[in-house]
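I have a structure here, written as structure tokens, and I will follow up with some questions on it.
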Amino acid sequence: MDGDADDYMSMVITDPVEKREKETYTQRRIRKQREAEIKGRTKSKAELRAEEAAAREAALSKSLDASNKGFRMMKKMGFQEGNALGKGTNGIGRTEPLNIVVKEDRGGVGLDSEKKRKFREEVELEAKRAKAEEGDYRERVRKEREERRTEGLVLGAQRVAEKLDTEAGEAEGHSHTPTTAVDDLARPSARPPRKVRPTRQINVLWRGLVRHREEMERERRIRYDLHQSLSRLPTYDDPTEDDDDKRALGNDGALEEDVEEEDPELDEFNALEAAERLGALVSYLREKYHYCFWCKYRYPDGSMDGCPGVTEEDHD
Amino acid sequence: MDRRPDAEEKPRAKRVKTSNVDPKDNPYLAHRYEEPAKKFQRYATTAAMAKEAEDGPNNFLTGQPLSSQYFRILETRRNLPVHAQRDEFLDIFHRSQIMVFVGETGSGKTTQIPQFVLFDDLPHIHRKTVACTQPRRVAAMSVAQRVADEMDVKLGDEVGYSIRFEDVTSQKTVLKYMTDGMLLREAMNDPDMNRYSCIILDEAHERTLATDILMGLLKEVAVRRRDLKIIIMSATLDAQKFQKYFNDAPLLAVPGRTHPVEIFYTPEPERDYVEAALRTVLQIHAAEPEGDILLFLTGEEEIEDAARKISLEADEMVREADAGPLKVYPLYGTLPPNQQQRIFEPAPPPHRPGGRPGRKCIIATNIAETSLTIDGIVYVVDPGFSKQKVYNPRIRVESLLVSAISKASAQQRAGRAGRTRPGKCFRLYTEAAFKKELIPQTYPEILRSNLASTVLELKKLGIDDLVHFDLMDPPAPETLMRALEELNFLACLDDDGNLTHLGRLASEFPLDPALAVMLISSPEFFCSNEILSLTALLSVPQIFVRPATARKRADDMKARFAHPDGDHLTMLNVYHAFKGPQAQANPKQWCHEHYLSLRALQSADNVRIQLKRIMEREELVLLSTPFEDKKYYENIRRALVSGFFMQVAKKNQTGKSYTTVKDNQEVLLHPSTVLGQDSEWVLYNEFVLTTKNYIRTVTAVRPEWLLVRPIQRSHFSRRSDMLIASLQDIADTYYDINTFPKGDIRSALERTMEKIRRKKQMKGGR
């Protein structure tokens, strides 16, 4: 028992000591400064008003009690706490003073309660909706999580498809490498004509991936250009620059055109549910390359021996 | 010489020129001295008898021949609605002690009923007086004048009036119009109201504080004095409440002469009632047939602003849309009487013959609701707000706040449209809001007032049990609690609630207890002359004028009088300048130049004379500290503390705001103050609540003065000595440091106390 008491005592004493030790001189100075700032700051009008109103409300809600000298005097006249004054000729008198309501605007009679009514209605409606949705909530959250995960998987499958397609293309001797900004900058004057609309030729299944990358690159370059000089703004048209200069500066906008190009095929694909897109990708990989996205393995033949099935669940 | 007729047989002959010959002996003049009242038996007259007497040829009261003006007025009087029910009235009056009379505005009750009573009660024969109370001073004065004309007598003779600081009555007076507050003060020295045979409480529906107290008193007096007749007059039909209160007194109702009024509501609540009001007035002017407009707004500033805007817009309508001329008249209590009178001017004529008719638009506070009757109003615009006094004992603030009106008020306002012909009332709120938001009746003033003054009066009247005093609407217990506490701190009541010597003395002054106590203790500070002036200045309306068009100039002028220590001393400087030879040479001009209100200063002067009389009567010494003495102003400030120590605020450590002592309310100095921001402690005259909390009329004080009162040598009268003894510990009790919660104010007071102690020790050590 003695030990317990000791423990208790020491705990209480050491705690604040430790705290004090922790604060360095600078920390303390900063803290002091901050405190002084808070204290010394001239309060804004709104703050003052809020404080004023708060103090008023506090005082208004607190009734005078027995500590008041007048109370004792009334007691001597036969007053009993909680009772009203008078003889009650016209009903029982009031026990609470009239409240003070400060009107702060020029709103007409009934405007406030109208506002309140509308607000209440909205709140009620909201509450109703929330209640109805409460059951769905878990479901929704689960779905959203699922969706996000599937999107990630789509991206992964797209990468695999790109890699395999590219490899396949190279193997055929027909470069399928999509145009990238890096290529463009590296070989500014040697642009092959097929590069005007390269993305169109890419398999729609993973075209989105390339397109996204290009968009990112474009943004990066615009930022870079902006850094270089104002004249490098893609929209800036310098009359002394000829086409070559523009190209040399990477300012000719070919890529932008390319990226900004409408692509109904891709839009249509992107409009599909993530799961559907994933399904399409998975079966594409299976059919073309005998690659199982779930096994992460490229089977040698179409029978795909050893793969448990087409879906993710099959692989559990 | 004012002589009352000794007996009914001896008629008075006031204007006798040939003093030797008694005209009574002249047979040719005999009819002149026939006393009509002779035939009259008290409480047994009829309307027919009264009619005969009124028809002359001699004055019923004076016996003098009646003028032609009298007969002209008599005709219009007989057209008033009350006239038709004179017999009914007399019947009830004869058989009951207390009666309730209901007559709408315009029924003629205020002017006629007291005369009906005169012809039946015959106070001039029984050496009594009939009193008729009015809630407002102006009404008492103007109605008295009107009735004096109607009765063909000089105002102040048979018919007079009595208001605070002004008594226009004489020994001859048999009908006295007075403010309800005045009757209450009279009762303090005559609790049975013996000089009156009949008391009429007019406009009882307004439920002023004094009327409510009077009703409570009269209910008791009626039991003691069975011969006293009481008439409660109300303009609204909620008279059952009065009946019930006065033990089911009989009621007589006279219908007003009113036309139907069509009422319009807005479909949606208004976002800005002033803007909506302006729009509505202009729409009426553009689209409605001939007829004047009455718009109700809440206060001077709002009204002046609206008047300006409507005038501008109306001028444009005239130019662009060939509208008729529109003349706008503001109307509010603080407007000088001559400008108030202008509202009775006829509407302007069309711009050209055959053009669209002109109209006038009166923008008024709720004084146009009941007390003033303006003919020709056909359209009423009612935004549903008025400025109402509020009081809450918990924060001790008594202020005027804009609040929604009551249903009864709204009805009253609408009624104003139907005085001449069928009218229209535009309510700027929805019908649902009218039904749900508006309270049925305006709260009586007693629920919205600080009762310190009233409690002192009741104590003086001998009402000891204030808790069970029979009021129609008793206030919240806390209101009484606060009033008793305040009076106890002021040493007007002892701890048992009994009136002290100081309290009795304070009750002699028609002033707030704090002001009275300050005035009584001022000799102690060698500045009773100055405090007397200051008290007078604080009892009248604002002396500084600040027209919207010349604010800068007005402020510059005020700065000339400014005293660095505060507004009280500044007001005193103004008064002293006003009394100086330069100003007195042409006071009107001088006040105009200095942006001061001549009316306010003159009435302050008058109040000062009245108060001085009371001081002299009570043997309070009038003295001054020599102006050269460096303590001249300090003494005055200390004297201020003796009355207003409960209205002190201390500056907050940061910012411009102050915190009131004890109630801990955050307040700002009112922008009108001359006081700089560097005063640590200030004393204030008023705590005003608007959208911000303000303290108005402030003066810097020192914390030592709050804690310690000077011990004076006794070279005044013995009476004052006794006072000093009772005053000695006031501040000690209020500023008992132990009663303060921990905080800035408490620690500041503790520091001050320590300083005082050290000083004392040093002195003692020497």
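Part of a helix (DSSP H, G or I), closer than 26 Å to B:F264 by Cα and without any contact (Cβ under 8 Å) to a residue 60 or more places away in the chain: does that describe B:A417? Break it down into steps so the answer makes sense when it comes.
Values: part of a helix (DSSP H, G or I): yes; closer than 26 Å to B:F264 by Cα: yes; without any contact (Cβ under 8 Å) to a residue 60 or more places away in the chain: no.
So B:A417 fails the test.
Based on this model, can you work out whether B:L456 counts as within 9 Å of chain A (Cβ to nearest Cβ) and not charged (D, E, K, R)?
In short, no.
When A:K76 is evaluated against the numbered criteria (1) surrounded by fewer than 17 Cβ atoms within 10 Å (Cβ to Cβ); (2) at pLDDT below 85; (3) at the interface with chain B (Cβ under 9 Å from one of its Cβ atoms), which criterion, by number, is the only one it fails?
(2)
How many of the residues making up region A:62-72 are at the interface with chain B (Cβ under 7 Å from one of its Cβ atoms) and either assigned to a loop (DSSP other than H, G, I, E, B) or of a type in the set (K, R) (or both)? Explain how you work it out, then say what you get.
So in region A:62-72, the residues at the interface with chain B (Cβ under 7 Å from one of its Cβ atoms) come out as A:62-64, A:68-71.
Within this subset, residues satisfying the condition of being either assigned to a loop (DSSP other than H, G, I, E, B) or of a type in the set (K, R) (or both) are A:62-64, A:68-69.
Of the residues in region A:62-72, 5 are at the interface with chain B (Cβ under 7 Å from one of its Cβ atoms) and either assigned to a loop (DSSP other than H, G, I, E, B) or of a type in the set (K, R) (or both).
Working carefully through the options A:L85, A:L48, find the one that is touching a Ser or Thr at 6+ places or on another chain (Cβ under 7 Å), within 7 Å of chain B (Cβ to nearest Cβ), surrounded by 16 or more Cβ atoms within 10 Å (Cβ to Cβ) and of a type outside the set (S, T, N, Q).
A:L48
Continuing with the same structure: Among the residues of region B:597-623, write down those that are under 25 Å from B:K558 (Cα atoms) and either β-branched (V, I, T) or in contact (Cβ under 8 Å) with a residue 24 or more places away in the chain (or both).
Initial filter on region B:597-623 (under 25 Å from B:K558 (Cα atoms)): B:597-608.
Result: B:S597, B:R599, B:A600, B:L601, B:S603, B:A604, B:D605, B:N606, B:V607, B:R608.
Results for (1) at the interface with another protein chain (Cβ under 10 Å from one of its Cβ atoms); (2) at pLDDT 95 or above; (3) touching a Cys at 6+ places or on another chain (Cβ under 6 Å), shown as yes or no for each residue.
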| position | (1), (2), (3) |
| --- | --- |
| B:I230 | no, yes, no |
| B:Q243 | no, no, no |
| B:F246 | yes, no, no |
| B:L251 | no, no, no |
| B:V254 | no, no, no |
| B:T258 | no, no, no |
| B:P269 | yes, no, no |
| B:D272 | yes, no, no |
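Looking at B:F264 and the list (1) out of contact with any Gly (no Cβ under 6 Å at 6 or more places or on another chain); (2) aromatic (F, W, Y); (3) at the interface with chain A (Cβ under 10 Å from one of its Cβ atoms), which single condition is not satisfied?
With respect to (1) out of contact with any Gly (no Cβ under 6 Å at 6 or more places or on another chain); (2) aromatic (F, W, Y); (3) at the interface with chain A (Cβ under 10 Å from one of its Cβ atoms), B:F264 is out only on (3).
Out of the residues in region B:387-412 that are part of a strand (DSSP E or B), farther than 21 Å from B:T179 by Cβ and of a type in the set (S, T, N, Q), which is nearest to the other protein chains (Cβ to nearest Cβ)? I'd like the intermediate steps shown before the answer.
Filtering region B:387-412 for residues part of a strand (DSSP E or B) gives B:387-392, B:397-404.
The next check asks that each one be farther than 21 Å from B:T179 by Cβ; those that pass are B:390, B:392, B:397, B:399, B:401-404.
Checking the rest, the ones that are also of a type in the set (S, T, N, Q) come to B:392, B:399, B:403.
Working: B:N392: 5, B:S399: 8, B:S403: 7 Å.
Residue satisfying both the conditions and the ranking: B:N392.
Within the set of pairs 6 or more residues apart or between chains, which connect a residue that is touching a residue at least 24 places away in the same chain (Cβ under 8 Å) inside region B:314-330 to a residue that is acidic (D, E) and part of a loop (DSSP other than H, G, I, E, B) with Cβ atoms less than 7 Å apart?
none
Is it the case, given these coordinates, that A:A59 is within 46 Å of the chain's Cα centre (by Cα), at pLDDT 80 or above, within 14 Å of chain B (Cβ to nearest Cβ) and farther than 27 Å from B:I439 by Cβ? Walk me through how you get there before you give the answer.
Values: within 46 Å of the chain's Cα centre (by Cα): yes; at pLDDT 80 or above: yes; within 14 Å of chain B (Cβ to nearest Cβ): yes; farther than 27 Å from B:I439 by Cβ: no.
It is false that A:A59 is within 46 Å of the chain's Cα centre (by Cα), at pLDDT 80 or above, within 14 Å of chain B (Cβ to nearest Cβ) and farther than 27 Å from B:I439 by Cβ.
Shifting gears a bit: In this structure, does B:S386 turn out to be farther than 30 Å from B:V648 by Cβ and at pLDDT 90 or above?
Details: farther than 30 Å from B:V648 by Cβ: yes; at pLDDT 90 or above: yes.
Yes.
A further question follows. Report whether or not A:K75 is assigned to a loop (DSSP other than H, G, I, E, B) and out of contact with any Cys (no Cβ under 6 Å at 6 or more places or on another chain). It would help to see each step written out before you state the result.
On the way: assigned to a loop (DSSP other than H, G, I, E, B): no; out of contact with any Cys (no Cβ under 6 Å at 6 or more places or on another chain): yes.
Judged against the criteria, A:K75 is not a match.
State which residue pairs qualify: first residue more than 14 Å from B:L209 (Cβ to Cβ) and more than 7 Å from every other protein chain (Cβ to nearest Cβ) and inside region B:460-484, second residue part of a helix (DSSP H, G or I) and among the hydrophobic types (A, V, I, L, M, F, W, C) in any location, beta carbons under 7 Å apart, and separation of 6 or more residues or different chains.
Pairs found: B:K460/B:M188; B:L461/B:A187; B:L461/B:M188; B:L461/B:L217.
Can you pull out every residue in region B:191-222 that is assigned to a loop (DSSP other than H, G, I, E, B) and over 18 Å from the mean Cα position of the chain (by Cα)?
B:P191, B:D192, B:M193, B:N194, B:R195
Give the residue that is surrounded by the most Cβ atoms within 10 Å (Cβ to Cβ), with candidates limited to residues of region B:489-502 that are in contact (Cβ under 8 Å) with a residue 24 or more places away in the chain and in contact with a Ser or Thr (Cβ under 9 Å, 6 or more places away or on another chain).
Ranking the qualifying residues of region B:489-502, first place goes to B:C492.
The values are calculated or read from the model by the stated rules, or taken from the named source; none is laboratory data. What you see is a predicted model, and the numbers here were worked out from it, not measured in a lab. With ideal geometry, Cβ positions are generated from the backbone for all residues, glycine too; neighbour counts draw on all protein chains shown.
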